[in-house]
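**Q** Structure incoming, see below.
Here, each number is a calculation from the coordinates, and none is a lab measurement. Worth saying up front: this structure is predicted, and the values here are computed from it rather than measured. FYI the Cβ positions are ideal-geometry reconstructions off the backbone, even for glycines, and counts take in every protein chain you see.
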Amino acid sequence: MNLNALRSLSRAIFLGFVRDRAALFFSILMPILFLLLFGSIYKSASAPKVTVIEVGRVSLLDQAEAASPAQLGKVLKVTHEANLAAALESVRKGDTDAVVQQQGHTLVVHYSIADQTTAGIVQAVFTSIVQQADAAAAGVHAGYQLTTEQVENKSLKPIQYLAPGLLGWAVASGGAFGASITLVNWRQKQLLRRLRLAPVSVGSVVLARVGVSLAIAIVQLAAFLAIATLPYFGLKLSANWWMSIPVVLCGTLAFMAIGLLIGSFAKTQESATAVANVVILPMAFLGGAFIPLDYAPSWIREVSYAMPLRYLVTGMQNVMARGEAAAAALPAIGILLALAALLTAISIRVFRWDAV
Amino acid sequence: MSATISVANLRKSYGSTVAVGGVSFAVEQGEFFGILGPNGAGKTTTLEMLEGLREPDDGELSVLGLRPWPRNPALLPRIGVQLQSSSFFERLTAREQIRTFASLYGVSARRADEMLGVVGLEESAETKTEKLSGGQAQRLSIACALVHDPELVFMDEPTGALDPAARRNLWDLLRRINADGRTVVLTTHHMDEAETLCDRVAIMDHGQILRLGAPAVLVRDLDSPVRISVESGLLSAADATATASSAEVTDDGVSLTIATHDPAPVLASLAGHHALAGLRVQGATLEDVFLALTGREYRA
């Protein structure tokens, strides 16, 4: 292998990439803008407080508030309203989660079950208030009392799924578009043929193109980690985050192989771009890049196993955010490499040097 | 024998379509050889087999004493190829482009820069190839084909989409390339180009070589009448017909034209009548030979 040729081919391809404003925008800038946007939107989204309208005087609630204002304040936000009908309308509209009234010794709670989580919280909180009041009325000293503690769910912090998800999408797009457009353009412009007529091995040409794409993927990873770990977004990298580097590299290979296959069939850059979009975009939704699989409907979770992007995204998530052992990324790496090998083998069979 | 290229009974078919149906020719060292033919005649397929891009179905083929197929790494550094498309890397400047190609052949950047000078592109060295004019891009493409100083150069329709001035300019360059001792093989469908540049041409159609020889010889062999024309009104039609035994006379009101196989007595007679104003004498051209061989019907 001719190292000089390899170096100058890589340089030529790299310059071609960094001078392509559209490619720079779509592979680096746009994913980062998405990260900034979604990161800011979801940043404040922790477990929601339940908003309650108190109609008339609800002595039970007042007692509970007086007893442990700090505890209750974590879960409930109470406002007052004289008119029951207006309060109920507010629940119907979804502006308020519940309306509470007291009629003698009966506590009436009106709530919507539109959001089951909130409905559950409403039920639990008021049941607990009634039980405590019951116990107090019976003269029993409260041996137990309500305290609320939000559990720091491993998968819950938005930045922890946003960063690997959007990065996975960026790496996948970069690989698939890079490989397919290069192949189609070079074939159309007869650069493939020209290189075949030069004393340079096919291996050098492929290695140069793959090498540049791997370097671009590492730049994407670095940019994402730099932004996501800013205190504002607050991604805390787990100990084995470095395993996300081989995951990104293998993901790039897998998606370049997808691009290679697309480029082997597509005749023009336009059709290659269209097909790559049709492959990548649904995969971003179904493979856990845009919609975190933890919150996705079960059918998406099942479909996601067929999406190569799933393995890239979850592989990174496991080692980057969930704090799993380095070996947790190995299955994803294995699947991505196997896919790369399979698709490359198919591409070699249908490969064409020339447009005609 | 030391022919640079020797081809015997070369054949290539695509499915049931015969692209090249048994052609034989030889190109000598230092020769400027042209392959002419309408679109679909088999020129490009022939060239591709010579370059080693396609495997011949049958026939003998030797280029610089080597077999081009399968891809022969010993042959590649000795040939230069200029393709129909410009085949550049995207978004590189002219200088970066030729240096990249130079490095594929193990040629220094200094030599690559010199080559830019040879084709007159020093001024545009820092221009991106997408921004070069058609003529400049073609000259860069040729420079990239010559950067490793090949003995044999193949060019596929090098002046395809150029304006007349750019074509003349390129012809000078091609002549210099050949004058340096390189063998040049080009395909073209511009007859004037072949007539001006080529030592010998092969006229191809339907996968066969119809004629092969020096352009002047092919024209002479056509034995078509010489057309002599002068301004109208200098000579009556009767006088004009009388100038030669088998002359065909037409007068369109602008020019009086006499077509004859025997021009000497016609010219003498015109001089005798003092009727030489606006004189033009046109012999047949390679284009006439070409059209006589391939027919005039339009083929896309």
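**Q** For chain B, what is the convex hull (Cα atoms) projected area averaged across all directions, in square nanometres?
**A** Values: hull surface 77.6 nm².
Mean projected area of the Cα convex hull: 19.4 nm².
**Q** Further, regarding this structure: Short version: what are the Cα gyration tensor semi-axes of the stretch B:68-203, square root of 5 times each eigenvalue, largest first, in whole Å?
**A** Taking √(5λ) for each eigenvalue gives 22, 19, 13 Å, largest first.
**Q** With θ set to phi - 60° and the Karplus curve 6.51 cos²θ - 1.76 cosθ + 1.60, what are the ³J(HN,Hα) couplings of the stretch A:223-239 in order, to the nearest whole Hz, using x for Gly and Pro?
**A** 4, 5, 5, 4, 7, 5, 8, 4, x, 4, 8, x, 6, 9, 6, 6, 4
**Q** Report Rg (one decimal) and Dmax (nearest whole number) for the protein assembly as shown, counting Cα atoms only, units Å.
**A** 39.8, 148
**Q** Using a 10 angstrom Cβ neighbour count of at most 13 plus a DSSP loop assignment to flag exposed GluC sites (Glu not before Pro), which longest range of chain A is free of such sites?
**A** A:153-356
**Q** Next up: For a footprinting-style exposure proxy, rank A:H110, B:H206 by other Cβ within 10 Å, fewest first.
**A** Lowest count first: B:H206, A:H110.
**Q** So, in nm, how far is label A:K93 from label A:L230 when the simple model puts each one 7 Å beyond its Cα toward the Cβ?
**A** Simple spin-label model gives 3.6 nm for this pair.
**Q** May I ask you to list the residues of the stretch A:66-107 whose amide nitrogen lies under 16 Å from a point 7 Å from Cα along the Cα→beta-carbon direction of A:Q123?
**A** Label zone hits: A:98-99.
**Q** What full-extension length gain, to one decimal in nm, is calculated for B:S24 and B:D113 as 0.36 nm per residue of separation minus the Cα-Cα distance? Let's see the in-between values first.
**A** Numbers: separation 89, 0.36 × 89 = 32.04 nm, distance 3.92 nm.
The span from B:S24 to B:D113 would gain 28.1 nm if fully extended.
**Q** Then there's this: Restricting to Cα atoms and excluding each atom paired with itself, what does the Kirkwood estimate give for chain A in Å? Each step should come with its number before you reach the end.
**A** Working: mean 1/r = 0.0419 Å⁻¹.
Radius from the Kirkwood sum: 23.9 Å.
**Q** Quantify how strongly other chains surround peptide B:82-88 by giving the mean number of their Cβ atoms within 10 Å of each of its Cβ atoms.
**A** Mean shielding by partner chains, rounded to a whole number: 5.
**Q** Along the Cα-to-C-beta direction of B:A179, a point sits 7 Å from the Cα; which residues of the stretch B:118-133 have their amide N less than 20 Å from that point?
**A** B:118-122
**Q** Follow-up. For the pair A:Q103 and A:A85, how long in nm is the line joining their label points, each one 7 Å along Cα→Cβ?
**A** 1.7 nm
**Q** Working out 0.36 nm times the residue gap between A:L3 and A:F26, then minus their Cα-Cα distance, what length gain in nm do you get to one decimal?
**A** Extra length from A:L3 to A:F26 when fully extended: 5.2 nm.
**Q** Taking the Cα atoms only, what angle lies between the long axis of helix A:158-188 and the longest principal axis of chain A, rounded to 10 degrees?
**A** That works out to roughly 20 degrees.
**Q** R0 = 25 Å: FRET efficiency of B:A165 with B:A125, Cβ-based, nearest 0.05?
**A** 0.70
**Q** Ok, one more. Please determine, in degrees from 0 to 90 and to the nearest 10, the orientation of helix A:116-137 with respect to the longest principal axis defined by the Cα atoms of chain A, where the helix direction is its Cα long axis.
**A** Once rounded, the angle reads 30 degrees.
**Q** Within 10 Å of each Cβ in peptide B:68-76, how many partner chain Cβ atoms are there on average? Round it to a whole number, please.
**A** Values: counts 0, 0, 0, 4, 1, 3, 1, 2, 5.
Per-residue shielding by partner chains comes out at 2.
**Q** Using a Förster radius of 41 Å, what is the FRET efficiency between B:L66 and B:V217 based on their Cβ-Cβ separation? Nearest 0.05, please. If you can, show how the numbers build up before the last one.
**A** Values: r = 31 Å, r/R0 = 0.75.
Computed FRET efficiency for B:L66 and B:V217: 0.85.
**Q** Which net charge results when you count Lys and Arg as +1 and Asp and Glu as -1 among the other residues whose beta-carbon is under 15 Å from that of A:V91?
**A** Working: positive: A:K77, A:R92, A:K93; negative: A:E54, A:E81, A:E89, A:D95, A:D97, A:D115.
Counting the neighbours of A:V91, the net charge comes to -3.
**Q** Additional query: How long are the three semi-axes of the equivalent ellipsoid for the stretch A:1-142, computed from the Cα gyration tensor as the root of 5 times each eigenvalue, in whole Å, largest first?
**A** On the way: eigenvalues 706, 65, 24 Å².
Whole-Å semi-axes of the equivalent ellipsoid: 59, 18, 11.
**Q** Under 19 Å Cα-Cα from A:K93, which lysines qualify once same-chain neighbours fewer than 8 residues away are excluded?
**A** Within reach: A:K49, A:K77.
**Q** Let me know the charge dipole size of the protein assembly as shown about its Cα centre in debye, to the nearest 20, where only the beta-carbon of Lys, Arg (+1) and Asp, Glu (-1) is charged.
**A** My answer is approximately 2040 debye.
**Q** Quick one: if the Förster radius is 60 Å, what FRET efficiency do B:A8 and A:A338 give, using the C-beta to C-beta distance and rounding to 0.05?
**A** 0.75
**Q** Another question about this same structure. Taking the Cα centre of the stretch B:57-212 as the origin and placing charges on Cβ (Lys, Arg +1; Asp, Glu -1), which of B:S141, B:T188, B:L210 is farthest toward the positive end of the dipole?
**A** The Cα lying farthest towards the positive end belongs to B:S141.
**Q** Now, a different point. At what distance in nm do the modelled label points of A:L33 and A:S59 sit from each other, each positioned 7 Å from its Cα along Cα→Cβ?
**A** 6.1 nm
**Q** If amide H atoms are built 1.01 Å from N in the plane of the peptide, which residues on other chains or at least 5 residues away come under 5 Å of the amide H of B:V153?
**A** Residues meeting the criterion, in which the H sits 1.01 Å from N, are B:G80, B:T183, B:V184, B:V185.
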